[in-house]
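Contents: one structure, followed by commentary.
The values are calculated or read from the model by the stated rules, or taken from the named source; none is laboratory data. Here the structure is a predicted model, which means the values were calculated and not measured. When we count neighbours, we look across all protein chains shown, and the Cβ atoms used for this are built from the backbone with ideal geometry, even at glycine. Surface accessibility is based on the protein's heavy atoms, side chains included, excluding ligands, DNA and RNA. Shrake-Rupley method; radii C 1.70, N 1.55, O 1.52, S 1.80 Å.
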Amino acid sequence: MLKAKVLLVGPRESGKSVLANFVSESIEGIGSYSPTQGVRFETCWPALMKDSHGVIIIFNPDLPSHLKEIEMWYSCFVQQQPLLDSQCLLVAHHKPGSAGDTENLSLAYPLSKLKLIHSNLEEDPEDVRMEFMKYFRSIITLINESREREEMSIIS
């Protein structure tokens, strides 16, 4: 069985646990915020990043500080591994009751070249699930292609 390691990272209170639970179908609805004990110590990050196949950076687009902070997450978790930009997904997670402006989000380079999806579990949960599945399929394709290249190099 093929396994893929995909990291969900981002600022505090961005919606990482909510989205992880939703996509994994651990919970159906959207509850109130309950903080999760994430890995807050940067010294642990290299161990987490080891052998990862992708990174999903989740942020709350309504918080200006998150727009700046995701540049650091990209630098640490994508550029330093190094992963291809196609192995990274940016998720602008709109919390229940937020304005949800999906049009005027301006991201600095190099974030602007990444695949960006807007997540609103109140309005379009199935669209969100479909976008995550597309991303996971692309990661599986990359893993399979990499394995095939590796096998061919062993043969030749």
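Tell me yes or no: at least one residue of region 23-37 is open to solvent by less than 30 Å² (accessible area, probe 1.4 Å) and at pLDDT below 90. Looking through region 23-37, at least one residue is open to solvent by less than 30 Å² (accessible area, probe 1.4 Å) and at pLDDT below 90. Just to verify a result, which residue in region 3-19, among those that are under 19 Å from residue 96 (Cβ atoms) and in a loop (DSSP other than H, G, I, E, B), is most open to solvent (accessible area, probe 1.4 Å)? Applying the filter and picking the extreme gives 12. Annotation note: Cβ proximity below 8 Å between a residue of region 39-66 that is of a type in the set (D, E, K, R) and a residue that is assigned to a helix (DSSP H, G or I) and surrounded by 11 or more Cβ atoms within 10 Å (Cβ to Cβ) (sequence gap 6+ or interchain) occurs for 42/76.
Return yes or no: is residue 145 open to solvent by 50 Å² or more (accessible area, probe 1.4 Å) and part of a helix (DSSP H, G or I)? Yes: the conditions hold for residue 145.
Can you pull out every residue in region 98-119 that is open to solvent by 100 Å² or more (accessible area, probe 1.4 Å) and among the acidic types (Asp, Glu)? 103 - this is the single residue of region 98-119 that is open to solvent by 100 Å² or more (accessible area, probe 1.4 Å) and among the acidic types (Asp, Glu).
Given the residues 61, 46, which is the only one that is assigned to a loop (DSSP other than H, G, I, E, B) and more than 23 Å from residue 145 (Cβ to Cβ)?
On the way: 46 fails: assigned to a loop (DSSP other than H, G, I, E, B).
Selected residue: 61, the only one of 61, 46 that is assigned to a loop (DSSP other than H, G, I, E, B) and more than 23 Å from residue 145 (Cβ to Cβ).
Let's see how each residue does on (1) open to solvent by 40 Å² or more (accessible area, probe 1.4 Å); (2) in a helix (DSSP H, G or I); (3) within 16 Å of residue 8 (Cβ to Cβ):
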position: 55; (1), (2), (3): no, no, yes
position: 90; (1), (2), (3): no, no, yes
position: 96; (1), (2), (3): yes, no, no
position: 121; (1), (2), (3): no, no, yes
position: 133; (1), (2), (3): yes, yes, yes
